[in-house]
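*Asks:* Questions regarding the structure given below will be posed in turn.
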Amino acid sequence: MTMPERKTWFGAGLSTAVGAARETLRHAAQADRDGLDLFTVSDHPYVGGRLDAYSIVGTALGGTARIAGLVNVTNLPSRPAPMLARTITSLSALSGGRVVLGLGAGGLWDEIARLGVPRLGPGAAVRALGEAITLVRALSGGGDPVTFDGEFYQVTGLEPAPVPAPPVWTGSVGPKSLEVTGRLADGWIPGHAADWLSPRYRTSRPVIDQAAADAGRDPREVATIYNLPGVITSAPLAAPRDRDGRWIGGSVEQWAEELTAAVLDHGASGFVHFPADDATADIAIGRWAREIVPAVREAVADRS
């Protein structure tokens, strides 16, 4: 059986600091000009010093032409699924489909509860995640009015937006949320910046694959996209991974070799690079987009 052709995503993680607002928009425009596929921002609405994630995405999409936006990942408890469906389909319509929906069940509940959101236990939060994916898709793509009577979300005779649902990527961590990903999602972003050689990936991905198979899906339909911090150095590092095996970075050549192997040997579907610090983000995004990403794309194409 041959692997189906699939886009390999290359993205850049941007700052959400209020004080870096202009730089964030400038970096999104830079990433767009330099040919990256997406930009991503985190979602921590309980922190006053951070910009609202969807405000960043909407504004940045309005100032770019090709790049897609992703909230990595949406704090679902603070954004009710029916309104999230309206937000994401509106962004898709306004940008010509340049959006991906990232979803998380919610983790920092002491902080989330400060928003006045009812606290959910781990099991309930995962069930809410599954309902949200189902409902967002039901409220996308047109069709008959939707009535949904779930445990956490209820809508009655609500008209879907005449806009296709975007891809849904989750930030699942625990077994139950990984099962939801396998059953319902299009992609998975491993938590804690785990990569393809990590124990987290090796123990988590089989859960997704089994859940997908049990749901009658081809597990390969669920892409794996990695959040990847690390430095880009002028000279090669003696060891691009630390003693625990975590990727720490290296030269352009070391990055290209590592990511090419991740795609071809481990089935990676995308990478979002996070610059080591905001002060050097211009240089890091530029080297990532203009040097590393083209090298990986070329190597993958040559060996495919």
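The values are calculated or read from the model by the stated rules, or taken from the named source; none is laboratory data. Being a predicted model, the structure only gives us computed values, none of them experimental. All Cβ positions, glycine included, derive from the backbone under ideal geometry; neighbour counts span all protein chains shown. Accessible surface areas use protein heavy atoms only, side chains included; no ligands, DNA or RNA. Shrake-Rupley method; radii C 1.70, N 1.55, O 1.52, S 1.80 Å.
*Asks:* Could you say whether any residue in the range 229-238 is farther than 15 Å from Trp169 by Cα, open to solvent by less than 30 Å² (accessible area, probe 1.4 Å) and either in a loop (DSSP other than H, G, I, E, B) or acidic (Asp, Glu) (or both)?
*Replies:* Checking the range 229-238: at least one residue is farther than 15 Å from Trp169 by Cα, open to solvent by less than 30 Å² (accessible area, probe 1.4 Å) and either in a loop (DSSP other than H, G, I, E, B) or acidic (Asp, Glu) (or both).
*Asks:* Kindly indicate which of Val126, Val136 is in contact with a Leu (Cβ under 8 Å, 6 or more places away or on another chain) and either of a type in the set (Ser, Thr, Tyr) or surrounded by 18 or more Cβ atoms within 10 Å (Cβ to Cβ) (or both).
*Replies:* Testing whether each residue is in contact with a Leu (Cβ under 8 Å, 6 or more places away or on another chain) and either of a type in the set (Ser, Thr, Tyr) or surrounded by 18 or more Cβ atoms within 10 Å (Cβ to Cβ) (or both) leaves just Val136.
*Asks:* Going through the range 18-42 one residue at a time, which ones are of a type in the set (Val, Ile, Thr), assigned to a helix (DSSP H, G or I) and open to solvent by less than 20 Å² (accessible area, probe 1.4 Å)?
*Replies:* Thr24
*Asks:* Test each condition in (1) over 23 Å from Ser42 (Cβ atoms); (2) within 21 Å of the chain's Cα centre (by Cα); (3) assigned to a helix (DSSP H, G or I) for Leu197 and report the one that comes out false.
*Replies:* (3)
*Asks:* Would you please list the contacts, defined by Cβ atoms under 6 Å and residues six or more apart or on different chains, that run from a residue in the range 226-237 that is of a type outside the set (Phe, Trp, Tyr) to a residue that is surrounded by fewer than 16 Cβ atoms within 10 Å (Cβ to Cβ)?
*Replies:* These pairs meet every condition: Gly230/Ile248; Val231/Ala276.
*Asks:* Condition (residue is touching a strand residue (DSSP E or B) at 6+ places or on another chain (Cβ under 9 Å), under 28 Å from Leu36 (Cβ atoms) and either open to solvent by 50 Å² or more (accessible area, probe 1.4 Å) or in contact (Cβ under 8 Å) with a residue 24 or more places away in the chain (or both)) applied to the range 151-165: is it met by at least one residue?
*Replies:* yes
*Asks:* Please tell me if Val180 is surrounded by fewer than 20 Cβ atoms within 10 Å (Cβ to Cβ) and either at pLDDT below 95 or on the phi < 0 side of the Ramachandran plot (or both).
*Replies:* no
*Asks:* Taking the range 43-71 as the search range and keeping residues that are in contact with a Ser or Thr (Cβ under 6 Å, 6 or more places away or on another chain) and not in a helix (DSSP H, G or I), which one is surrounded by the most Cβ atoms within 10 Å (Cβ to Cβ)?
*Replies:* That would be Leu70.
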